[in-house]
């Protein structure tokens, strides 16, 4: 098991703020819009340096999406900013009709995603957003794992032509990816090569998968861990290559098990290479108010639950192999 360490922790939303500033410096067409949550989205540095390229829309998220779509027609590259719940559920019609349908070059940047919004509770948390956005034709869906990767992803999407949903979060998490990384949209990142089980993780669950991998190594289990930061387009080649070796899969995400990363992987496998699979995800429920770490444990989104899923799926794979041998 490759060892990953960290010397600092930061929230991924700060990675977005740093990436937005750098993207703005690289490309004068990058503009930003916000729905009265500048501090929460860490957009202050961009606004200070490029005040003429910022629009404060106020608490009017639907209007923000329409304005962004219009600005893109004139050649601007709009980055919209608000909470993930308000970036998707509140404005789905505007995104579908004004952005996705006409393939507008708008970057929908969503903070405070998943359970780890924490104490604000279920009305502000969202666990359905990946599913909602990946179903829109032409929409790219990205969910990076730490500060550095979020910064790199933000810079990368400014150079990408087409609508993008970029998802990130509020809690402070370990920084374990390279500061100078090149983010490749649609290209999975191999965290650890292994032969016994494929663990596909996204967002905050990548670090939990790494912790689980270390414990599994102590148990004699060699886990292959892959960071699926781009959920759409999915890196099908990387997934199928890994599964061909390990013959069993665990998917990990801070999202409803219905419609997220796990379902995308399952659809791929059922068409090409069906193998035993377990989901580490929220089991078809809303969240609740609480401390982020406690919520992750209660809803089964931590290293301990990943280990249990690995044990279960490996047992299923073993049983399938022995049954096949009989026939």
Task: Filter result for residue 98 (over 28 Å from residue 285 (Cα atoms), crowded, with 20+ Cβ neighbours inside 10 Å and without any contact (Cβ under 8 Å) to a residue 60 or more places away in the chain) - done: yes
Task: Filter result for the condition that a residue is in contact with a strand residue (DSSP E or B) (Cβ under 9 Å, 6 or more places away or on another chain) and buried (at least 24 other Cβ atoms within 10 Å of the Cβ), over 175, 210, 239, 221 - done: 210
Open item on the list: Yes or no: region 145-165 includes at least one residue that is assigned to a loop (DSSP other than H, G, I, E, B), touching a strand residue (DSSP E or B) at 6+ places or on another chain (Cβ under 8 Å), outside the structural domain of residue 252 (by TED's automatic domain parsing) and within 16 Å of residue 227 (Cβ to Cβ).
Closed with: yes
- [ ] Scan region 247-292 for residues that are farther than 20 Å from residue 233 by Cβ, without any contact (Cβ under 8 Å) to a residue 12 or more places away in the chain and not in a loop (DSSP other than H, G, I, E, B) and report the count.
- [x] 0
TODO: Among what's in region 104-122 and is without any contact (Cβ under 8 Å) to a residue 60 or more places away in the chain and farther than 20 Å from residue 39 by Cβ, pick the residue that is surrounded by the most Cβ atoms within 10 Å (Cβ to Cβ).
DONE: 106
- [ ] Looking for whichever is surrounded by fewer than 23 Cβ atoms within 10 Å (Cβ to Cβ) and either within 18 Å of residue 151 (Cα to Cα) or in the same structural domain as residue 293 (by TED's automatic domain parsing) (or both) here; the options are 25, 90. Which one fits?
- [x] 25
Task: Which listed residue, of 140, 55, 88, is over 23 Å from residue 289 (Cα atoms) and in contact (Cβ under 8 Å) with a residue 60 or more places away in the chain - done: 140
- [ ] Go through region 92-135 and give me each residue that's farther than 26 Å from residue 299 by Cβ and in contact with a helix residue (DSSP H, G or I) (Cβ under 7 Å, 6 or more places away or on another chain).
- [x] 94, 95, 98, 99, 104, 105, 106, 107
TODO: Considering (1) within 20 Å of residue 65 (Cα to Cα); (2) under 13 Å from the mean Cα position of the chain (by Cα), say which one residue 163 fails and leave the rest.
DONE: (2)
- [ ] Collect the residues in region 224-236 that are in contact (Cβ under 8 Å) with a residue 40 or more places away in the chain and either touching a helix residue (DSSP H, G or I) at 6+ places or on another chain (Cβ under 6 Å) or crowded, with 19+ Cβ neighbours inside 10 Å (or both), keeping them in residue-number order.
- [x] 227, 228, 229, 230, 231, 232, 234, 235
Open item on the list: Looking only at helices (runs of 4 or more DSSP H) that lie completely in region 38-91, which have at least 2 residues being touching a strand residue (DSSP E or B) at 6+ places or on another chain (Cβ under 9 Å), over 24 Å from residue 26 (Cβ atoms) and at pLDDT below 95?
Closed with: none
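The values are calculated or read from the model by the stated rules, or taken from the named source; none is laboratory data. Quick caveat: nothing in here was measured; it's all calculated off a predicted structure. Cβ atoms come from the backbone with ideal geometry, glycine included; neighbour counts cover every protein chain shown.
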